[in-house]
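**Q** Dropping the structure in here first, questions after.
The values are calculated or read from the model by the stated rules, or taken from the named source; none is laboratory data. This one's a predicted model, so the numbers in the text were calculated from it and none came from an experiment. Accessible surface is based on the protein model in full, side chains and every heavy atom, while ligands, DNA and RNA are left aside. Shrake-Rupley method; radii C 1.70, N 1.55, O 1.52, S 1.80 Å.
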Amino acid sequence: AAKREGRNCGQYFAPVMQVAAQERMRLITDLRAALSHQQLQLHYQPIVDLASGEVHKAEALLRWKHPERGFISPAEFIPVAESTGMIHEIGDWVFHEAARQAARWRRERPDFQVSVNVSPLQFENGRLALSAWLHHLRSLDVDGSCVVVEITEGLLMEAGPEVTRQLLRFRDAGVQVALDDFGTGYSSLAYLNRLDIDYIKIDRSFVSNLKPASPDLALCEGIAMMAHKLGLKVVAEGVETEEQRALLQAAGCDYGQGYLFSRPVPATQFDALLAHRSHEPA
Ligand code: C2E
Ligand code: MG
Ligand code: MG
Ligand code: MG
């Protein structure tokens, strides 16, 4: 076996790199199988209106239930999907599935929105199956406003005319756009205006150390003020404690998302969560 591996991987690989390369190959093969064997699923995490406590939105988060390894984190397999091009097929599946759920939840709640994470690579070379996505929305008989596309700052950095054009076509169909992990990248604030963003999601790293009179709180207040002046709404990510929730609300954030409210759960559990919460006083 050592001889075969040596030949395939090249003699310059240190053993530890060789193991890493083999694990990666394995992950690629398994991910292909996962797509065709329905091992991918979406979990949904509520996005809570901080003023009323109501749930009007959810973020769809991809989960891979590997037959032997159990759940594998998207942080581990999304980069693999990106580097192999599988992200296109996976991204299409995510959008279709999330839109289907959004349409279902919309029957009871006319404003309900599901956000989906879109990799910057999906916008490359016009490969994003935008027409198919919009067709899917029409076939579900819902308008685009039931979906929010979450993009990261990195995408905006490189946003050429093609990305801008695609984002604007989404906007024409009513699909809204959220800037994810805000504050961790290097994007110019000018992009917020140019690309007509609807939501800013303040990254969890600003929320986790939130204390009264802390620098992170000042940042959250500043982001919320700026966002509101630009006509954007603010979602705070990674809200884990009641103290954080109260500080974020006072700082002017519109929505919160985090373990304090709920972990990401399968759609059926999300149904139960919606039913339960709608009985709570606002
Ligand atoms: P993200 O879009 O920033 O998603 C938020 C992440 O924070 C999720 O991790 C969520 O489970 C986690 N989270 C939520 N509340 C809390 C909290 O209170 N505390 C802590 N510690 N964590 C919290 P997850 O599900 O592991 O996803 C990681 C990242 O993988 C996502 O970050 C997103 O960038 C990417 N991802 C997930 N699903 C997809 C997908 O369908 N497509 C693409 N392209 N990327 C995805
Ligand atoms: Mg996200
Ligand atoms: Mg995020
Ligand atoms: Mg994040």
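**Q** Quick one: how many Å² of residue 233 are accessible to a 1.4 Å probe, rounded to 10?
**A** Approximately 90 Å² for this residue.
**Q** Between region 216-265 and region 73-141, how many Å separate their Cα centres?
**A** 25
**Q** Restricting things to alpha carbons, tell me how big region 13-91 is in terms of Rg and Dmax, in Å.
**A** 16.3, 57
**Q** Quick check: the angle from helix 130-139's long axis to the longest principal axis of the chain, C-alpha only, nearest 10 degrees?
**A** 60
**Q** Same structure again: For helix 215-229, report the angle its Cα long axis makes with the longest principal axis of the Cα atoms of the chain; keep it between 0 and 90° and round to the nearest 10°.
**A** 70
**Q** Now for a separate question. Can you work out the Karplus-derived ³J(HN,Hα) for every residue in region 47-59? Use 6.51 cos²θ - 1.76 cosθ + 1.60 with θ = phi - 60°, whole Hz, and x for glycine or proline.
**A** With coefficients 6.51, -1.76 and 1.60, one gets 10, 9, 5, 5, 6, 9, x, 7, 9, 10, 8, 9, 9 Hz.
**Q** Please work out the Kirkwood hydrodynamic radius for region 80-180, using every pair of different C-alpha atoms, and report it in angstroms with one decimal place.
**A** Its Kirkwood hydrodynamic radius stands at 13.7 Å.
**Q** How much accessible surface does residue 277 have with a 1.4 Å probe, in Å² rounded to 10?
**A** Approximately 60 Å² of residue 277 is accessible to the 1.4 Å probe.
**Q** Right, something else. What does the accessible area of residue 225 come to, in Å² to the nearest 10, when a probe of 1.4 Å is used?
**A** About 120 Å², ignoring ligands and nucleic acids.
**Q** Using only Cα atoms, tell me the angle between helix 161-172 and the longest principal axis of the chain; keep it within 0 to 90° and round to the nearest 10.
**A** Rounded to the nearest ten degrees, it is 50.
**Q** Give me the 1.4 Å probe accessible area per residue for the chain, excluding ligands and nucleic acids, in Å².
**A** 51
**Q** Right, here's the next one. Can you give the relative contact order of the chain as a percent, counting alpha carbon pairs under 8 Å and 6+ residues apart?
**A** Normalised by residue count, the contact order of the chain is 18 percent.
**Q** Given only helices, namely DSSP H runs of n ≥ 4 each adding -39500 (n - 2.57), what is the per-residue ellipticity at 222 nm of the chain, to the nearest 500 deg cm²/dmol?
**A** So the helix-based figure for the chain works out to -14500 deg cm²/dmol.
**Q** Still on this model: Run the accessible area of the chain with a 1.4 Å probe and give the carbon-and-sulfur part as a rounded percent.
**A** Ligands and nucleic acids excluded, carbon and sulfur reach 53 percent.
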